[in-house]
Amino acid sequence: MTYLRSHWQLLALMLAVIALWQTPVVLPLKILVVFLHELSHALAAWLTGGSVEQISISAQQGGFAVTRGGNLFAILSAGYLGSLLLGVALLMIALRSEADRMVVALLGAVMLAVVVFYVRDVFAAIFCSVTGAVLLGCARFLGHSVNDMVLRVIGLSSLIYVPYDIYDDTIARRGVQSDAHMLADAFGGTAQVWGFVWLVLSIGVILWCAMRVVGTSSNIDWTHLRQ
């Protein structure tokens, strides 16, 4: 009962996202998580000495990142796991810091920068431009509590979407081409094995995140909307 009182807002938000998962309401959040997926491929390429040629996302929740050089194993593994870790980071920043507005602004700026340097198709350009502008507007004109909620929604959406996407892409639908298939072709094993490994790791990360929340209240004080 104490846990419910301390975290009822977070639990209600999670249930709302799950309840609306198959509706158009959550579709922009799903596409945003796909953007984080492709951005994670790009980050892995940069961090391992490679470069990025193009980043794309689609209205059908697909996407790709064209990279050159870098560590192929890290780049292919970074999509699902990287987007999950970015989601966890956004959620933990919302729960444990006062940097919400700065992080929301940074995410918006990153999306606009990706449009300028790496996006080559219309849908991705429109989605990233509009979403980036909205995030910058939230950071500039809305208060701490609203920006805190923005990070929570994005973080929770990533935690929900990534394990489901891993299972759907690599285990449930075995014929679908995915990062796991490319990893299996390059390093051996099967897509299902890599998918299972990623799924176990993702569940472990989510459990760790849940344990970090236990013991402290995560409820937002909505009496200070413009702070």
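Values quoted throughout were computed directly from the atomic coordinates according to the rules given, and no laboratory measurement underlies them. Remember, predicted model here, so these are calculated numbers, not experimental data. Reconstructed Cβ throughout: ideal geometry from the backbone, glycine too, with neighbour counts over all protein chains shown.
Would you order SER40, SER83 from fewest to most other beta-carbon atoms within 10 Å of each residue's own beta-carbon?
Numbers: SER40 22, SER83 25.
By the 10 Å Cβ count, ascending: SER40, SER83.
Can you give me the long-range amide H partners of GLN54? Hydrogens built in the peptide plane at 1.01 Å from N, cutoff under 5 Å, separation of 5 or more residues or another chain.
Hits under the 5 Å cutoff: VAL66.
Averaging the inverse of every distinct alpha carbon separation and then flipping it gives the Kirkwood radius. What is it for region 105-179, in angstrom units? Walk me through the numbers before you get to the answer.
Numbers: mean 1/r = 0.0699 Å⁻¹.
For region 105-179, inverting the mean 1/r across all distinct Cα pairs yields 14.3 Å.
I need the phi-derived Karplus couplings for region 42-54: 6.51 cos²θ - 1.76 cosθ + 1.60, θ = phi - 60°, integer Hz, Gly and Pro marked x.
In residue order, the calculated couplings are 5, 4, 5, 5, 4, 5, 10, x, x, 9, 10, 9, 7 Hz.
Just check the chain against the gyration tensor rule for me: Cα atoms, a ≥ b ≥ c as the square roots of the eigenvalues, rounded for a/c under 1.5, and otherwise prolate or oblate depending on whether a/b exceeds b/c.
Values: a/c = 1.91, a/b = 1.33, b/c = 1.43.
Judged from the Cα gyration tensor, the chain comes out oblate (a/c at least 1.5, b/c at or above a/b).
Give me the percent relative contact order of the chain, please, defined on Cα pairs under 8 angstrom at least 6 residues apart. The partial results should precede the final answer.
Values: 330 pairs, mean separation 52.8, N = 227.
Computed over the chain, the figure is 23 percent.
With the cut-off at 1.5 for a/c, could you classify region 74-135 from its C-alpha gyration tensor as rounded, prolate or oblate? Could you put the intermediate results ahead of the total?
Details: a/c = 2.76, a/b = 1.25, b/c = 2.20.
The shape class here is oblate.
Compute the label zone of ALA186 within region 36-59: residues whose backbone N is under 20 Å from the point 7 Å along Cα-to-Cβ.
36-57
With charges set only on the Cβ (+1 for Lys and Arg, -1 for Asp and Glu), what does the dipole of the chain come to about its Cα centre, in debye to the nearest 20? Don't jump to the answer; show the numbers that get you there.
On the way: 12 positive and 12 negative charges, 77 e Å.
In debye, rounded to 20, the chain gives about 360.
Computed over the Cα atoms of region 17-124, what is the ratio Rg over Rh, Rh following Kirkwood?
Numbers: Rg = 14.3 Å, Rh = 14.6 Å.
Ratio of gyration radius to Kirkwood radius: 0.98.
Between ALA125 and ARG96, what is the label-point separation in nm under the 7 Å Cα-to-beta-carbon projection?
4.0
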